[in-house]
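Asker: Mind looking over this structure? Questions follow.
The values are calculated or read from the model by the stated rules, or taken from the named source; none is laboratory data. For clarity, every value in this text was computed on a predicted model and none was experimentally measured. Ideal geometry is used to build each Cβ from the backbone, glycine not excepted, and the neighbour counts take in all protein chains shown. Accessible surface is based on the protein model in full, side chains and every heavy atom, while ligands, DNA and RNA are left aside. Shrake-Rupley method; radii C 1.70, N 1.55, O 1.52, S 1.80 Å.
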Amino acid sequence: MSGNGASSGFGDDWLKFAGIKIFYDGGMTLKTALMRDVYPDSHDNYHGIAQQTPDRLKQLVSICNRYGWRVGVHVVGDLGIDQVLDALESADKEKSIRDRRFVLIHASLIRPEQMERAHNLGVRIDFQNVFLWDKAATVERFLGRATADRAVPTRTLIAKMGLDSLGAGTDFPVNPINPFLNMYIMVTRKDPNGNVFGAAEAVTREQALRLYTSAASRYTFDEARKGTIEPGKLADIVVLSADYMAVPEEQIKDIKADLTLVGGKVVFQR
């Protein structure tokens, strides 16, 4: 907490301010993600939509940075990511953001060279593979198969940035909240019809699990308190209906929580 009031990190284990979220572009299935390339069916040089100008984004990020707020920017398309990284680099010149874990939220169509720019700034990428579950076919229809295949490029992100700079989530209620469905998609890259999108971007079960736990805990600087089961950390534990690491791949999405403990107390029992 700063002398000027609350800022990032203010709160407790149950509720705290992580940062300020800024919307920049739209989404893949709304045809509003801001793209370097013209949309395939566009007749008017349409690249998607930015919610504000690049200069306005720079101003907002700069103000947040000046007053101790961590920034997460909703951005999906590759042109949008270019402009968000420009804003973050501009803010970093004024006051370093390198150890403050600013975030690209979604970054679904990020390119390898953009991953390197983000990593050099100490910026996290927190993404949602579960978009592919019921939306990959729509992305294919709007943006083409190659774009659908490179959406949420998880394996490349790990290779370029390392697990600790990443985290997985769901973006509920836009997507299903079930973590086992999301981890199934990370491992298989399959939609409900069994179609595989971007097989080369599939990751291992352990990587998927870490993206949901030990890596994700770093989102809120909580890696010393959460994310793994070990002495000195919060006793938040789940008992599952099946062994996530051993069941056949197709059964990962069907795993259920049988018992949940939070702080060592049973809070759910199926």
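Asker: Can you tell me which of 261-268, 125-132 comes out highest on packing, and rank the rest after it, using the mean Cβ neighbours within 10 Å? Mind dumping the intermediate values first?
Answerer: On the way: 261-268: 11.6, 125-132: 25.1.
Peptide ranking by packing, descending: 125-132, 261-268.
Asker: How much net charge surrounds Ser62 when only the other residues with a Cβ under 15 Å from the Cβ of Ser62 are counted, with Lys and Arg +1 and Asp and Glu -1?
Answerer: Working: positive: Arg56, Lys58, Arg66, Arg70, Lys93, Lys95, Arg100; negative: Asp55, Asp86, Glu89, Asp92, Glu94.
Around Ser62, the surrounding residues sum to +2.
Asker: Which sequence of Arg101, Arg36, Arg111 reflects their accessible areas, 1.4 Å probe, from the largest down? Walk me through the intermediate numbers first.
Answerer: Working: Arg101 40, Arg36 85, Arg111 65 Å².
Sorted by accessible area, descending: Arg36, Arg111, Arg101.
Asker: For a bin width of 5 Å, list the pair-distance distribution of the chain built from all Cα-Cα distances, rounded to whole %.
Answerer: Cα pair-distance distribution for the chain, in percent: 1, 6, 12, 16, 18, 16, 13, 10, 5, 2, 1, 0, 0.
Asker: Then there is this: Taking 41 Å as R0, compute the FRET efficiency from the Cβ-Cβ separation of Val239 and Asp41 and round it to 0.05.
Answerer: Values: r = 49 Å, r/R0 = 1.20.
It comes to 0.25.
Asker: Is the shape of the stretch 66-222 rounded, prolate or oblate, going by the alpha carbon gyration tensor and its root eigenvalues a ≥ b ≥ c, with a/c under 1.5 for rounded and a/b larger than b/c for prolate? Provide the component values of the computation, followed by the final result.
Answerer: Details: a/c = 1.99, a/b = 1.52, b/c = 1.31.
Because a/c hits 1.5 or more and a/b exceeds b/c, the stretch 66-222 counts as prolate.
Asker: Now a separate question. From the residues Gly162, Gly68, Ile185, which one has its Cα farthest along the dipole of the stretch 51-192 in the positive direction, the dipole being from +1 and -1 charges on Cβ of Lys/Arg and Asp/Glu about the Cα centre?
Answerer: Gly68
Asker: Keeping all protein chains in position, work out how much accessible area Ile49 exposes to a 1.4 Å probe, and write it in Å² to the nearest 10.
Answerer: Rounded to the nearest 10, the figure is 70 Å².
Asker: Mind checking the log10 I(q)/I(0) for the stretch 155-252 at q = 0.23, 0.25 Å⁻¹? Debye, one equal scatterer per Cα, no solvent, two decimals.
Answerer: Debye output, listed in q order: -1.39, -1.48.
Asker: Multiply the residue gap between Phe221 and Ala199 by 0.36 nm, knock off their C-alpha separation, and tell me the result in nm, one decimal place. Mind showing how you got there, number by number?
Answerer: On the way: separation 22, 0.36 × 22 = 7.92 nm, distance 3.18 nm.
Net length gain for the segment: 4.7 nm.
Asker: So, one more: Within the stretch 115-135, whose backbone N sits under 20 Å from a point 7 Å along Cα→Cβ of Ile49?
Answerer: In the stretch 115-135, the label zone of Ile49 (backbone N under 20 Å from the point 7 Å along Cα→Cβ) covers 135.
Asker: Turning to a different aspect of this structure: Would you mind checking the pairs Lys21/Lys253; Lys233/Lys253; Lys16/Lys95; Lys95/Lys233; Lys226/Lys256 and listing those with alpha carbons more than 25 angstrom apart? Numbers along the way, then the final one.
Answerer: Working: Lys21/Lys253 30 Å; Lys233/Lys253 28 Å; Lys16/Lys95 23 Å; Lys95/Lys233 32 Å; Lys226/Lys256 21 Å.
Beyond 25 Å: Lys21/Lys253; Lys233/Lys253; Lys95/Lys233.
Asker: For the chain, give me the percentage of DSSP beta bridges that are antiparallel, rounded to the nearest 5 percent. Write down the numbers at each step before the final one.
Answerer: Working: 11 of 25 bridges.
Close to 45 percent.
Asker: Here is a follow-up. With a sphere of radius 9 Å drawn around the Cβ of Tyr219, what net charge do the other residues whose Cβ falls strictly inside it have (Lys, Arg +1; Asp, Glu -1)? Present the calculation step by step, with values, prior to reporting the outcome.
Answerer: Numbers: positive: Arg101, Arg124, Arg218; negative: Asp126, Asp222.
Its environment carries a net charge of +1.
Asker: What number comes out for accessible area per residue over the chain if the probe is 1.4 Å? Units Å², please. Numbers along the way, then the final one.
Answerer: On the way: 13060 Å² over 270 residues.
Solvent-accessible surface per residue comes out at 48 Å².
Asker: Further question on the same structure: At 0.36 nm per residue, minus the direct Cα-Cα distance, what do Glu113 and Val174 gain on full extension? Give it in nm, one decimal, please.
Answerer: Details: separation 61, 0.36 × 61 = 21.96 nm, distance 2.83 nm.
Computed gain between Glu113 and Val174 is 19.1 nm.
Asker: Give me the dipole magnitude in Debye, nearest 20, for the stretch 79-161 about the Cα centre, with unit charges on the beta carbon: positive for Lys and Arg, negative for Asp and Glu. Intermediate results must be reported in sequence, preceding the final value.
Answerer: Values: 14 positive and 12 negative charges, 35 e Å.
Computed about the Cα centre, the dipole is about 180 debye.
Asker: Something else: Sorted by accessible area with a 1.4 angstrom probe, largest first, how do Thr188, Thr260 fall? Numbers along the way, then the final one.
Answerer: Values: Thr188 15, Thr260 35 Å².
Descending accessible area places them as Thr260, Thr188.
Asker: Suppose only helical runs count, i.e. DSSP H with n ≥ 4. What mean residue ellipticity at 222 nm does that imply for the chain under -39500 (n - 2.57) per run, divided by all residues and rounded to the nearest 500 deg cm²/dmol? It would help to have the intermediate numbers written out before the result.
Answerer: Values: 8 runs with 85 residues, N = 270.
Dividing the helical sum by the residues of the chain leaves -9500 deg cm²/dmol.
Asker: Let me ask another. How high is the relative contact order of the stretch 171-247, in percent, counting Cα pairs under 8 Å that sit 6 or more residues apart?
Answerer: Here the relative contact order equals 18 percent.
Asker: Related question: Only Lys, Arg, Asp and Glu count, each charged at its Cβ (+1, +1, -1, -1), so figure out the dipole size of the stretch 149-270 about its Cα centre, rounded to 20 debye.
Answerer: Values: 15 positive and 15 negative charges, 37 e Å.
Once rounded to the nearest 20, the dipole reads 180 debye.
Asker: Of all the accessible heavy-atom surface of the chain, with the other protein chains kept in place and a 1.4 Å probe, what percent is carbon and sulfur?
Answerer: Values: 7140 of 13060 Å².
The C+S portion of the solvent-accessible surface of the chain is 55 percent.
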